[in-house]
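To start, the structure under review is shown below, and the notes come after it.
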Amino acid sequence: MGKISKAKKNLHEQNDAIHDFVIRGPISLGDFDASVRGITELSCHLGGVQRTSVWSISEGEDISRCLDIFDSRLGIHSVDAGIPISVYSEYDAPHRRMEIVAVSDVRTDPRTRQLVDFFYTDRGIVALLDVPFKLADRQRGILHLEATDGPRNWGPDDEQLATVLATIITLAWQAAERRTAEETAKKGEEALRAIIDAAPYPIAINRVKDGTYLDANRTILNSFRLQERSQLNGKHPTDFLTVLSEGVQEELDTALAEGRPLDNFQWEYRKKNGERKYTMLSTRPVEYKGERAMVSVSVEITELKHAEEKLKILNERLEQKVSERTEELALTNLDLQSANVGLAKAIVELKETQEKALLSEKMASLGRLIAGIAHELNTPLAALAAVSRLELKNLGDGLDLIAKAASRLTDEEMAFIRRTRERCAKDRSRVFAAEPGAERAARREADAVLRKAGVIDPDIIAEDLVELGIADLAESAAPILSGEKRDDFLYVLRASIGSYRAALIADDAVMKAARVVSALRTYAHGGNDESISDIALAPEIRGLLELYYNHTKRGIEITIDIPENLKISGKREALNRVWFNLLSNAIHAVGEKGRIEIIAAEDEGVVRVSFADSGSGIPADIQGRIFEPFFTTKSAGEGTGLGLDIARRLARENGGNITFTSRPGRTVFTVTLPRGSDTGTGGNA
Amino acid sequence: MSIDKAILLVDDEAIIIFALRQELRAEIGPNYRYEIALSAAEGLEVIDELSAEGVRVILVVSDWLMPGMRGDEFLTKVREMHPEVKTIMVSGQIDEDQLKKLNSSGVLDLFMSKPWNSSRLAKECRRLLAEISAT
């Protein structure tokens, strides 16, 4: 075989060996240590050297570490101790420049001389060929082909081979690094998977393309009651759940289709088993297994949502309650308002009632007053009517008849008639002194006298004299009456004395009527003028009694003890009603017989007017009630029960008051009133 | 012959009694004693005394409102003792209810208000007296 063909053959062999190593060797497995060991062996074999070693250099470290040494003579791998680089700086310098260092004899080459004793001699190294190997443009180490069989002249083939071998180291390194990276990635993925699976939150990865699942964690599988992840293949979330919240499905779909991340997106869905769940979802776009996808993490917030809803319901209820309560309050307010209106109305009505009561009491008082006035006026009117009829009769008989009869009488007889008339004029009281007992006695006497004197019809003549109030004159008249001029005498006597008496009665009746009218005027004065004035008390009370004249004759003794100059200040009509009321009550209390005292006196600017009666007194148990409106002890129809209430109110309106004390036999009502301003200046109104 | 029949006039107002007596005597005539009383109590006394004298009261004319006993009570008493006595009430003021009660009680033959109608009073008196004479 020629040298060239041998070289060709060697080259072929070399190529096959390297190819075989790279393809089938440990490089593909990423096993760097095994790869380095294979390379040292291959280097010895192909380079024809006894020893090959690989050393690594780490950046920034002053040490070169031995990765492997193969001794082809012994067929063993070993590892040398690390060498500080600074020890062989001259040797290292070309390495740093990434140069191939070919040393035919270490003992003579200046680059290696300093290492001969230190390193080569011990190891029997004579020649060496160093090729640095690099990775990512940085020197990572050196492949040393070492000959121990003597100096060697390294040719280009050797250098080329060494360079190829060094490159293979780089490949192995890369492969190892890749594998480490892959393994790290795998471990990381596994860790991630573990984390994802262990996470209690549903985590899923869905395709952007169609939303189907690419992956999902255990929690999701459990939630969908799936055993295997593969059961999710080709499935869409909607195959397992129905989105409930309105518009949510669209939102999820669009976000997914746009690859737009979502944050804390809340939505509700219903699972196939009917369970309703609330979820808060966040998504991020990822690329997963070569596809665009969205990874989503959810947190179930059903409880939270329920709590929230409960809270919301509670809140709504609260609001409802508040609004109901507000409404109730408004209604209550309305009720109150209407009650208020009702109350106001009631007050108005009460006031009206009070006014009506006041009016009715006023009318009752007025009624009693009118009854009294009617009686007091009808009496003199009746008398007047009767006597005027008598006068008419006398006049009707004709004055000429009287004159004729008179002309037949002697002067003496006429003088008797004149004297009798004069006596009537002189002593009016005699005319009205109605003493039935005395009259009967006088009649009897007259009858006897006339009878004795032989007067015809003595009883009738006696009656005539009684009627004329001159029965006591029977004796002196008897001579005339027994004579023949008896009829003329009687005629003129009756005409004269009878007319005179009639006139006196008329006069008395008119005076009586005038007194009633005057009293009435006094009583009613101020009816139109209710201003406060000074009022002389004594005339007021006297006027009042005038109106009550008929009562005072009924066995009731009324005494007045009021200073003539005493004046009170007040409203006249109002106070007259007070007096009237108290006097009425006193008269009612006294009944048939008794005493009433009306006493007034001034004391430090206050006038006390007391009506004291001798009645049976006010029973203790009703003393507290007598001022109550409508309280009355009188029988129905007799009193309104308002008199005292009104009297006291009127007294109070006049700046005074009414008080009382009562025991059997003496009840005193006392009216206190302000003194009149000019009291004591003398005189009376 | 002495007058043995009496007409009793009862009123607390003297002028009424005198005016009434003058008028009645002129109208009815002098054949009666015209007795007067200023109160019911006095009237009862007069009736008793006249009875003792043998004079019979045949007609009583009485007021209603008088001190002490009122006219209605008085006439009731008179009727109790002397059922045949005629009764007339002349009043200036009487309660309507009281009058109704009185009219229905039968103790009253006639009521007249003051001032009275003279001719009617005279006519009624004569009628009542005629009734007495008839019995």
Alpha carbon centre of segment B:1-54 versus segment A:466-483: separation in Å? 20 Å
Counting Lys +1, Arg +1, Asp -1, Glu -1, what net charge surrounds A:Phe265 among other residues with beta carbon under 15 Å of its beta carbon? -4
Using only alpha carbon pairs under 8 Å that are at least six residues apart, calculate the relative contact order of segment B:5-127 and give it in whole percent. 24 percent
If R₀ is 22 angstrom, what is the calculated FRET efficiency for the pair A:Val510 and B:Phe111, using the beta carbon separation as r and rounding to 0.05? 0.25
Of A:Ala255, A:Ala574, A:Ala405, which is farthest on the positive side of the dipole of chain A, counting Cα position, with +1 on Lys and Arg Cβ, -1 on Asp and Glu Cβ, and the Cα centre as origin? A:Ala405
Between segment A:322-343 and segment A:392-453, the Cα center-to-center distance that results, in Å: 92 Å
Would you calculate the separation in nanometres between label points at A:Phe432 and A:Glu159, each defined as 7 Å from the Cα along the Cα-to-beta-carbon direction? 18.6 nm
Cβ crowding within 10 Å averaged over residues, with B:114-120, A:154-160 ranked highest first: B:114-120, A:154-160
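Which value in deg cm²/dmol, rounded to the nearest 500, describes the helix-derived mean residue ellipticity at 222 nm for chain A, given -39,500 (n - 2.57) per DSSP H run of n ≥ 4 and division by the residue count? The partial results should precede the final answer.
Values: 20 runs with 351 residues, N = 685.
That calculation yields -17500 deg cm²/dmol at 222 nm.
Given 0.36 nm per residue, what is the gain on full extension from A:Thr661 to A:Glu355 after removing their alpha carbon distance, in nm?
Values: separation 306, 0.36 × 306 = 110.16 nm, distance 2.89 nm.
So the extension gain works out to 107.3 nm.
At a Förster distance of 56 Å, what's the computed FRET efficiency of A:Glu99 paired with A:Ala257, Cβ-Cβ distance as r, to 0.05? Provide the component values of the computation, followed by the final result.
Numbers: r = 60 Å, r/R0 = 1.07.
Taking R0 as 56 Å, the efficiency between A:Glu99 and A:Ala257 is 0.40.
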How many angstrom lie between the Cα centre of segment A:377-391 and the Cα centre of segment A:11-81? 178 Å
Which of A:Ala506, B:Val61, A:Gly82 sits farthest toward the positive end of the charge dipole of the protein assembly as shown, with +1 on the Cβ of Lys and Arg and -1 on the Cβ of Asp and Glu? B:Val61
Backbone HN-Hα couplings from phi across segment A:250-265 [Karplus 6.51/-1.76/1.60, Hz, Gly and Pro as x]: 4, 4, 4, 4, 5, 4, 5, 4, 8, x, 8, x, 10, 10, 6, 7
Could you point to the residue in A:Phe432, A:Val671, A:Leu115 farthest towards the positive end of the protein assembly as shown's charge dipole, with +1 and -1 charges on the Cβ of Lys/Arg and Asp/Glu respectively? A:Phe432
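How do A:Thr212, A:Thr180 line up, fewest other C-beta atoms within 10 Å first? Don't skip to the answer; put the middle values down first.
Details: A:Thr212 15, A:Thr180 12.
Ascending number of Cβ neighbours within 10 Å: A:Thr180, A:Thr212.
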Treating only the Cβ atoms of Lys and Arg (+1) and Asp and Glu (-1) as charged, compute the dipole magnitude of the protein assembly as shown about its Cα centre; round to the nearest 20 debye. 800 debye
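Take every DSSP beta bridge whose two residues both sit in the protein assembly as shown, then give the antiparallel share in percent to the nearest 5. Before the final figure, lay out each step's value.
Working: 86 of 112 bridges.
Rounded to the nearest five, the antiparallel share is 75 percent.
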For chain B, the dipole about the Cα centre with charges only on Cβ (Lys and Arg +1, Asp and Glu -1), to the nearest 20 debye, works out at 560 debye
Cα-centred dipole magnitude for segment A:41-161, charges only on beta-carbon of K, R (+1) and D, E (-1), debye, nearest 20: 60 debye
Residue exposure sequence - A:Cys44, A:Cys66 - by fewest surrounding Cβ within 10 Å: A:Cys66, A:Cys44
How would A:Asp16, A:Asp92 line up from fewest to most surrounding beta-carbon atoms within 10 angstrom? A:Asp16, A:Asp92
Amide N of segment A:411-451 lying under 14 Å from the label point, which is placed 7 angstrom from the Cα of A:Leu399 along Cα→Cβ: none
Can you tally the net charge around B:Ile7? Count Lys and Arg as +1, Asp and Glu as -1, for every other residue whose Cβ sits under 10 Å from the Cβ of B:Ile7. +4
Could you calculate the contour length gain from A:Val286 to A:Val299, that is, 0.36 nm times the residue separation minus the distance between their Cα atoms, to one decimal place in nm? 2.7 nm
Give me the Kirkwood hydrodynamic radius of the protein assembly as shown, using the inverse of the mean 1/r over all pairs of distinct Cα atoms, in Å to one decimal. 42.1 Å
Stretch A:His588-A:Ala81 to full length: gain in nm at 0.36 nm per residue minus the Cα-Cα span? 167.3 nm
What nm value, rounded to one decimal, do you get for the distance between A:Ile347 and A:Arg444 when each label is placed 7 Å out toward the C-beta? 7.7 nm
If R₀ is 35 angstrom, what is the calculated FRET efficiency for the pair A:Glu246 and A:Asn222, using the beta carbon separation as r and rounding to 0.05? 0.80
Determine the sum of side-chain charges near A:Thr283: Lys and Arg each +1, Asp and Glu each -1, restricted to other residues whose C-beta is under 10 angstrom from that of A:Thr283. +1
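Relative contact order of chain A, please, whole-number percent, based on alpha carbon pairs below 8 angstrom and at least 6 residues apart.
Numbers: 1007 pairs, mean separation 46.7, N = 685.
Value for chain A: 7 percent.
Each reported figure results from applying straightforward, stated rules to the coordinates on display, with no laboratory input. Everything quoted here is computed from the prediction, not taken from an experiment. We place every Cβ from the backbone using ideal geometry, glycine too, and count neighbours over all the protein chains shown.
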